[in-house]
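What follows is a short report on a single structure.
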Amino acid sequence: MPCADDLHTDPEAVWRALKTRAERRPRQADEHGANRPEFVISLDPDQAGAAGHHSGPIRVLAPAGSGKTRTLTARIAALIDRGIPADEILALAFNTRAAQEMSERLQQLGYDRVQTRTFHSLGYEMVRQALGWKLDLAGYQRLVEEFVRTQLYQQDEDQALDRSRLVLESFQTALRRLRLELLHPSDLTLFNGLENLDAAGPLGQFLHRQWQTRIINFDDMIYFALRELVDDRKLRRSWQARFRFILVDEFQDLNLSQLILVRILALPENNLFVVGDDDQMIYGWRGADVGHILDFDRVYPDAQTVILRTNYRSAQHIVRHARRLIEYNSARVPKDFRWAPQAPPGSIELSVCRDFQSQVDSGLSWIAKIRQQTGCDWGDFAILFRLNEHAVPLSGALADRNMPHTAVEELNESDAEPPQIRPDRIALMTIHKAKGKEFRFVVYFNLVQAAKSDRQRAEE
């Protein structure tokens, strides 16, 4: 029988071992296959095919603007219409905003008992139930800093540069990768101020100390929940019995801890409905791996795949250019997505500049020109970039030109509701923060540098 430590050696083997031991529940008589509700009938053929799926695993590939949230909601409506109790359906969203949006749509349809959760809230409930631990961010940070200062950091007296911050960042990065990517401690290294060293010993010591203090941070909510599901047979079976159907949004953004947790919860029937886009994985820095959605049919050979092919959000030129660029991706499922019949033509303009400041000047001049031509509000514009460090020079340039703007900070790890964008101001944010939002006009900076960094990561 596997134990939690085996997750860092071969997590898939852990799941396979639990799969062979999972107890299949008696088939319920309430799956009567009633007529599909009107909400499901109103979908397009691709969406309806996904929502009407009966049981077993299914992968829904949903490019941007193809109605994935509508399809998820319709899937839940169809399940309930078949007689599946609403409280036996679990819908997992990537962040609080997405979970709330899904919950509101279901409530409008009269389905108010479906569990719409984030991974963090679900994991925290498991950790509290199994261990009685509590979230204490300040206490956790003090624990980390004290451990690094007393057990890890070494400073050469002759060194003029204080490297304590680098040591702390090195330790926190190793901890995060251990928890999110389930890497083996021996595959990680730490910087102690003078040299790199094997991370296994220090990480083990810290986890032991954390176990004694019984406090966690956000990454721990999922990591320790997963460990307890593996080690505690009673806990595992109680959660598996609780939900008969599991739906997962933004499946391509899952890290390995989240992935294995979902697989375990879905046992034994594997009534797993996953929605994602293998062409827009942007959370690699959080441990996301597009291979998880690409390999879905390998893990579940009997899985059905449905592609939502129509983009209802974007203009024709946007979809055409996106399709042309995406076709260069080597790791993807081929798909021929298209714009909606009523989509406007739209436009794309490229500006080649010699440096970042020239990009700023060109982009802000374009905004001023479009606003003068159309008479639109400042709030119709967004300025997107890849790195947080670009916010400062952009904000300064906007202020110099008296262009009202609001800088939207990155989501923190709490998965909390993101701050609202102030109306009638240009939205200034990273491409990560912009995911799921819509603007009439968008300026994107450093396109070439972003393409280079993406290609370098792919080659690595």
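Between Arg142 and Lys369, the FRET efficiency from the beta-carbon distance, with R0 = 56 Å, is close to 0.60.
Within the shell of other residues whose beta carbon sits under 14 angstrom from the beta carbon of Thr374, the net charge comes to +1, with Lys and Arg scored +1 and Asp and Glu -1.
For Arg113 and Asp187, the FRET efficiency from 1/(1 + (r/R0)^6), where r spans their Cβ atoms and R0 equals 41 Å, is about 0.40. Please identify which residues in the range 48-88 have an amide N closer than 11 Å to a label point set 7 Å out from the Cα of Thr305, following the Cα→Cβ vector. Within reach of a label on Thr305: 59-61.
Distance between the pseudo-spin-label points of Asp231 and His321 (7 Å out from Cα toward the beta carbon): 5.3 nm. Within the range 203-299, the trypsin sites (Lys or Arg not before Pro) that combine a DSSP coil assignment with at most 13 other C-beta atoms in a 10 angstrom radius are Arg214.
If I histogram all Cα-Cα distances within the chain using bins 20 Å wide from 0, what percent of pairs lands in each bin? It works out to 21, 52, 25, 1, in whole percents. In the full protein context, the range 222-334 carries 38 Å² of accessible surface per residue, based on a 1.4 Å probe and ignoring ligands, DNA and RNA.
For the range 298-341, rounded, prolate or oblate, judged on the Cα gyration tensor with a ≥ b ≥ c (square roots of eigenvalues), a/c < 1.5 rounded, else prolate if a/b > b/c? Oblate is the answer for the range 298-341, as a/c is 1.5 or above yet b/c matches or exceeds a/b.
What residue among Tyr223, Asn192, Val262 has its Cα farthest toward the positive end of the dipole of the range 145-271, where the charges are +1 on Lys, Arg and -1 on Asp, Glu, each on the Cβ? Farthest towards the positive end: Val262. Solvent-accessible area assigned to carbon and sulfur over the chain amounts to 48 percent, based on a 1.4 Å probe.
Is the shape of the range 179-260 rounded, prolate or oblate, going by the alpha carbon gyration tensor and its root eigenvalues a ≥ b ≥ c, with a/c under 1.5 for rounded and a/b larger than b/c for prolate? Note, shape of the range 179-260 comes out prolate. Here the spin labels are modelled as points 7 Å beyond Cα on the Cα-Cβ line, and at Asp297 and Gln357 they lie 5.3 nm apart. Across Tyr328, Tyr444, Tyr111, the residue with the most accessible area heads the list, and the full order at a 1.4 Å probe is Tyr328, Tyr444, Tyr111. With R₀ set to 30 Å, the beta-carbon distance separating Asp424 from Glu169 gives a calculated FRET efficiency near 0.20.
Non-local lysine pairs in the chain, meaning eight or more places apart or on different chains, with alpha-carbon distances under 18 Å, amount to 4. Quick one: in the range 207-346, what % of C-alpha pairs are over 20 Å apart? Looking at the range 207-346, the distances longer than 20 Å represent 59 percent of pairs. Taken as Cα centroids, the range 84-159 and the range 340-412 sit 34 Å apart, rounded to the nearest whole angstrom. Oblate is the label for the range 214-269, because a/c, from the alpha-carbon gyration tensor with a ≥ b ≥ c as root eigenvalues, is 1.5 or above and a/b does not exceed b/c.
Taking the helices alone, the chain has a mean residue ellipticity at 222 nm of -13000 deg cm²/dmol, built from -39,500 (n - 2.57) per DSSP H run of at least 4 residues and averaged over all its residues.
The values are calculated or read from the model by the stated rules, or taken from the named source; none is laboratory data. Remember, predicted model here, so these are calculated numbers, not experimental data. Positions of Cβ are generated from backbone atoms using ideal geometry, with glycine treated the same way; all protein chains shown enter the neighbour counts. Remember, those area values only see protein heavy atoms, side chains included, never the ligands or the DNA or RNA. Shrake-Rupley method; radii C 1.70, N 1.55, O 1.52, S 1.80 Å.
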